[in-house]
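Data block below; observations after.
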There are 2 protein chains.
Amino acid sequence: MAEKVAIASDHAGYGLKTALIPVLERLGFEVLDLGTTGIESVDYPDFANALAAAFRAGNARRGVLICGTGIGISIAANRHPELRAALCHDGLTAELARRHNDANVLCLGARVIGPETARDCVETFFTTEFEGGRHAARVAKLSQPVCK
Amino acid sequence: MAEKVAIASDHAGYGLKTALIPVLERLGFEVLDLGTTGIESVDYPDFANALAAAFRAGNARRGVLICGTGIGISIAANRHPELRAALCHDGLTAELARRHNDANVLCLGARVIGPETARDCVETFFTTEFEGGRHAARVAKLSQPVCK
């Protein structure tokens, strides 16, 4: 059975989300599209929270989040201790997010990178393994909830 | 009295941190340097947590965090609901992080952007105002703790 990968975006990321779904499918994933469903204005934190809820429900363990710059949706995503959301802007940063940070969510900025760069990020992110080693202790520290 | 701006990095960001302190001073800030103090290997989450502690203690309300890609330290920073940490890679993203996300922490990747690009990010980030308006409700949603 194909692994499910969750994807969500705000209105600014809607077009890029639509373009990246076939990229994920070509990589062999079943895509769980959590919206948004059009270009009507919505709030990016709601879509990061929806992806976190899907992770907690066991419906996906990796995902993609998109807003205009990727900044807002990456802040919102990283409020959730079970997400390690990496804002990437090219193949190299997508590779390092996996190798060093064991990121499980790729964040992209639809207004600041082009669709082919985004495709490169997705293909790299979902085919690169975590290196472990000296990075593992740092990643473990990211999983400690800090809210009071 | 000059506003205090906090800055912290891991070993990969140590050189860039050293270079950016005078940039912040030229902007009129007193700089609160929270380490690291050299190129010996350290864990980036510890420095994001130190900056969050400085914010909570009232010692700073804006800051800069640096690691190799900026990814790990931005994940760690955004575990803290009082931080809105924006990973930026050029002046435009630094500008939008302030205008749209009211980011209070600028994250930079010392191994992926050059020192002059980093200087541009700092100068832009610390001189650009939040736009408010439609962005305010979204930013408010980022301040809701989600830990259980």
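The values are calculated or read from the model by the stated rules, or taken from the named source; none is laboratory data. Note that this is a predicted model, so its numbers are computed, not measured. When we count neighbours, we look across all protein chains shown, and the Cβ atoms used for this are built from the backbone with ideal geometry, even at glycine. Quick note on the areas: whole protein, heavy atoms, side chains included, nothing else; ligands and nucleic acids left out. Shrake-Rupley method; radii C 1.70, N 1.55, O 1.52, S 1.80 Å.
Quick one: pull the percent of accessible area on the stretch A:15-143 belonging to carbon and sulfur, 1.4 Å probe, ligands and nucleic acids left out. It is 50 percent, rounded to a whole number.
As a length-normalised measure over Cα pairs under 8 Å and 6 or more apart, the relative contact order of the stretch B:4-141 settles at 25 percent. Heavy-atom accessible area with a 1.4 Å probe sorts A:Ile39, B:Ile21, largest first, into A:Ile39, B:Ile21.
Listed by chain and number, the aspartates and glutamates placed with their C-alpha closer than 15 angstrom to that of B:Lys141 are A:Asp10, A:Asp43, A:Asp46, B:Glu82, B:Asp102; residues fewer than eight positions away on the same chain are left out.
Shape of the stretch B:23-105 from its Cα gyration tensor (a ≥ b ≥ c, root eigenvalues): rounded if a/c is under 1.5, otherwise prolate when a/b > b/c, or oblate?
On the way: a/c = 1.29, a/b = 1.21, b/c = 1.07.
Verdict is rounded for the stretch B:23-105.
The share of alpha-carbon pairs in the protein assembly as shown lying farther apart than 34 Å comes to 13%.
Name the residue farthest towards the positive end of the dipole of the protein assembly as shown from the options A:Ala76, B:Thr127, A:Ser41, assuming +1 on Cβ of Lys and Arg, -1 on Cβ of Asp and Glu, about the Cα centre. Selected residue: A:Ala76.
Here the dipole of the stretch B:4-141 is about 480 debye; that uses its Cα centre as origin and unit charges on the Cβ of Lys and Arg (positive) and Asp and Glu (negative). Mean per-residue shielding of peptide B:83-89 is 6, counting Cβ atoms of other chains within 10 Å of each Cβ. Relative to the other identical copies, B:Thr127 shows label-point distances of 4.3 nm, where the label point lies 7 Å from Cα along the Cβ direction and values run shortest first. Within the full protein context, the accessible area of B:Asp10 is estimated at about 10 Å² for a probe radius of 1.4 Å.
To the nearest 20 Debye, how big is the dipole of the protein assembly as shown about its Cα centre, given +1 on the beta carbon of each Lys and Arg and -1 on that of each Asp and Glu?
Values: 32 positive and 34 negative charges, 157 e Å.
Value, rounded to 20: 760 debye.
Helix-only estimate, please: 222 nm mean residue ellipticity of chain A, summing -39500 (n - 2.57) across DSSP H runs of length 4 or more and dividing by its residues, to the nearest 500. Let's see the in-between values first.
Working: 6 runs with 65 residues, N = 148.
Mean residue ellipticity at 222 nm (helix-derived): -13000 deg cm²/dmol.
Look at the dipole of the protein assembly as shown built from charges on Cβ: of B:Ala94, A:Ala136, B:Leu106, the Cα furthest out on the positive end belongs to A:Ala136.
Taking a ≥ b ≥ c as the square roots of the Cα gyration tensor eigenvalues, with a/c under 1.5 meaning rounded and otherwise prolate when a/b beats b/c, else oblate, which class fits the stretch B:56-148? Judged from the Cα gyration tensor, the stretch B:56-148 comes out oblate (a/c at least 1.5, b/c at or above a/b).
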